[in-house]
Amino acid sequence: MQVLTFIFFLLSIMGVWKPQEWRGIKATLYYIYRAIIIIVNHLSILSFLLDIQFKNIKIGYLIDNLSLLFILLIIRQKIVCIVGNRPGIIHIIVSLKNSPFKFEDRKEEVIFSRFEKIARNIITYYPMIYLSNLSMQCTGFISVMDPPYALPYKGWFPYNYTRTTKAYWATAVYQMSAAFVLGTINAISDMLLPCIMCYMCGHIHILRYRFRVMTEKLQKMSENNEPKDEIISTEQKLMADWVKFHIDILNLFKITNDIFLTVIFVQYTISSLILCAIAYLLSHMEPMTMEFVGNLAFLTAMFIQILLPCYFADKLTFEFLDISTGIYDTNWYQLSNNIRKSIVIILRKSHRPVTMTSSFFIVLSLESFTKVIKLAYTIYNVLD
């Protein structure tokens, strides 16, 4: 849980997640800070939106404008998701700390530590890669600055920033600050869903481990000729606890999917458009220029942003399917008839794929990642 705690600490710094213990004046000031972040996001969206030209359109100018506008819309949806689904996210955090997710022995801690390490690698390397690409992109936009006429980012403003040097630099600093803050929020929120899915993978491994422990314990009781009534009672209790753990993992998965459903939809409908637009823009640029390098970094960041949740959703789906393998690897056939009947039902249920979906046609998986890339390439060919 240390990884999720750190992610929410970072989100708190960026104004998206109010610390649960803050009350009174602290909470009020934090709400004001959050409102400023949300206003900056919406003002940036409005600025790019009003700057769109429908006459004498320059394709490079339009793609730049629309790509940044789409990214801002994705960031807006992520902020809305985290702020609007706060009770559900808190429920996930609390559930992961309590029974049946609480560790029962040292072996379970060792099993889970492998996935904790993976989650820690995500929060170590993903921000480094994403923010370095963001910095390169910003450098590319800075390279086209022409004080006091050309700002680092295109946009509409209700005043003439070319009139004075102070107005120009104040606007430029505002744009760069907004890009850094919103880009950082985007990077941090990108890590939340993959880390939660990574934790679920760890608990599925623990679920398989607990089934093996249960069968070994019951087999040992039978070999020691303990009273039949006691064996049946223990068998029913252990099986009920195991089934409850399985159901709780499935419920937690459903809650997570419901929380991030809209984000998944917005991310993957818009990302294909952004990828093909940036690819088209790169194909019409002079290589080895700062503007080319900046857009290439932006394209790379988008690829990684899509790949990360797809990979862990795909991994989680296969972990659910592997529950049946974990059961088959035990001496489950030596249990009583009633328990074996229950296991048959569990095995049938575990063969049904559990997938992270959105709006019935977007499924997070490596296959869907490939489809997004193919769709982007197809649209690029049409435009070219």
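The values are calculated or read from the model by the stated rules, or taken from the named source; none is laboratory data. Keep in mind that what you see is a predicted model, and the values were worked out from it rather than measured. Heads up, the Cβs are rebuilt from the backbone with ideal geometry, glycines too, and the neighbour counts pull from every protein chain shown.
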Inset, instruction - Would you check if residue 114 is surrounded by 15 or more Cβ atoms within 10 Å (Cβ to Cβ), basic (Lys, Arg) and not in a loop (DSSP other than H, G, I, E, B)? - result: no
Inset, instruction - Considering only residues that are at pLDDT 80 or above and not in a helix (DSSP H, G or I), look in the range 364-384 and name the one that is surrounded by the most Cβ atoms within 10 Å (Cβ to Cβ). - result: 364
Inset, instruction - Determine whether residue 191 is under 30 Å from residue 367 (Cβ atoms), part of a helix (DSSP H, G or I) and touching a Pro at 6+ places or on another chain (Cβ under 8 Å). - result: yes
Legend entry - Residue selected from the range 346-356 under the condition modelled with pLDDT under 85 and in contact with a Leu (Cβ under 8 Å, 6 or more places away or on another chain), by the criterion nearest to residue 261 (Cα to Cα): 353
Inset, instruction - Return yes or no: is residue 226 among the acidic types (Asp, Glu), more than 28 Å from the chain's Cα centre (by Cα), over 30 Å from residue 370 (Cα atoms) and buried (at least 17 other Cβ atoms within 10 Å of the Cβ)? - result: no
Legend entry - Selected residue (criterion: farthest from residue 195 (Cα to Cα)) from residues of the range 66-102 that are part of a helix (DSSP H, G or I) and small (Gly, Ala, Ser): 67
Inset, instruction - State whether one or more residues within the range 308-321 are closer than 30 Å to residue 236 by Cβ, surrounded by fewer than 19 Cβ atoms within 10 Å (Cβ to Cβ) and not small (Gly, Ala, Ser). - result: yes
Inset, instruction - Read through the list (1) crowded, with 18+ Cβ neighbours inside 10 Å; (2) over 23 Å from the mean Cα position of the chain (by Cα), then give the number of the only condition that residue 71 fails. - result: (2)
Inset, instruction - Provide a single number: the residues in the range 189-223 that are among the basic types (Lys, Arg) and crowded, with 17+ Cβ neighbours inside 10 Å. - result: 2
